[in-house]
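To start, the structure under review is shown below, and the notes come after it.
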Amino acid sequence: MYHELPPGASFWLFLFAVDQDLAESTRQKACPCGGRLHRANYPRKPRGGDGDLPEDYDYRFSFCCDRDGCRKRVTPPSVRFLGRKVYLFAVVVLVSAMRQGPSPRRVRELAQLFGTDRRTIARWQVFWREHVPQTPFWKSARGRLPALAATILPRSLVEAFLGGDDPCRGWGRLLLFLSPITIAGGLPNAFS
Ligand SMILES: [Zn+2]
């Protein structure tokens with residue numbers, strides 16, 4: 001079981017590059033009304049990355065339609081940010097996974113390692129247990145990953161994706177796999 005994220009800024013830069021690709025493919029699709037999408041990023045102050053976070057983590061990619069009367073907001077999926085949660089997506093996944101399983105890490109220990117508090121960790125447990133399984137994403141993903149269906153989220157996914165010898169790539173694949181839950185419509189409103 002993994003107990004840390006890949007160290008250093010290169011991991012966060014790698015995830016940033018994945019987000020750039022996701023944003024570019026969203027931008028190219030244009031607005032459903034036919035209008036062009038302009039940059040309209042959301043400011044962010046993410047927690048959990050220590051001192052290694054590049055400045056690019058001050059915002060999440062987002063776009064706005066340029067057509068009068070539409071101006072629709074379109075936000076691409078992300079491997080860095082999970083909806084409006086303050087903590088980095090990877091931290092939400094890792095801390096939640098470490099709380100699960102046959103010998104869960106103590107809350108106090110996780111709080112020290114990642115700067116999270118008891119209530120936040122408890123909310124994340126509810127999020128994975130009650131909300132993610134209800135999403136259209138999970139209902140279709142479960143069909144593709146039948147062996148994971150009965151196991152515990154997100155620990156089962158961490159174990160499935162991080163078995164290789166390159167944790168950076170493993171995290172990239174895992175967060176990309178989960179990225180549909182990071183956008184509007186991907187989650188019930190209360191947790192978006
Ligand atoms: Zn539009």
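Side notes on the structure shown:
- The chain: relative contact order as a whole-number percent, Cα under 8 Å and 6+ apart: 23 percent
- Applied to segment 41-50, the Karplus parametrisation 6.51 cos²θ - 1.76 cosθ + 1.60 on θ = phi - 60° returns per-residue 3J(HN,Hα) values of 5, 8, x, 9, 10, x, 10, x, x, 6 Hz, with x for Gly and Pro.
- Calculated FRET efficiency for the pair ARG118/ARG73, C-beta based, R₀ 25 Å, to 0.05: 0.15
- A full extension of the chain between GLN134 and ASP56 corresponds to an added length of 24.9 nm, given 0.36 nm per residue minus the alpha carbon distance.
- Part-to-part distance (alpha-carbon centres) for segment 55-97 and segment 102-170, which is given in Å: 19 Å
- Sites ASP166 and ARG44, calculated FRET efficiency, Cβ-Cβ separation with R0 35 Å, nearest 0.05: 0.85
- Normalised per residue, the volume of the convex hull around the Cα set of segment 52-143 (Å³): 146 Å³
- By average C-beta atoms within 10 angstrom, highest first, the peptides 14-27, 62-75: 14-27, 62-75
- Net charge dipole, segment 75-123: roughly 160 debye, given to the nearest 20, about the Cα centre with Cβ charges of +1 for Lys and Arg and -1 for Asp and Glu.
- Length added when fully stretched, ASP66-ALA17, from 0.36 nm per residue minus Cα-Cα: 15.1 nm
- In segment 1-122, a dipole from Cβ-located charges (positive for Lys and Arg, negative for Asp and Glu) runs towards its positive end, and of ALA40, VAL79, LEU53 it is ALA40 whose Cα lies farthest in that direction.
- Residues whose amide H lies under 5 Å from that of ARG60, counting only those 5 or more places away or on a different chain, are TYR42, ARG44; hydrogens are built 1.01 Å from N in the peptide plane.
- Pairs of alpha carbons in the chain separated by more than 28 Å make up 25% of all such pairs.
- What you get for the chain, charging only the Cβ of Lys and Arg (+1) and of Asp and Glu (-1), is a dipole of about 840 debye around the Cα centre.
- Seen from LEU5, the other residues with C-beta closer than 14 Å to its C-beta sum to a net charge of -1, counting Lys and Arg as +1 and Asp and Glu as -1.
Just so you know, all these numbers are worked out from the coordinates, no wet-lab data involved. None of the values given here were measured: they were computed from a predicted structure. Note: ideal-geometry Cβ built from the backbone for every residue, glycine included; neighbour counts use all protein chains shown.
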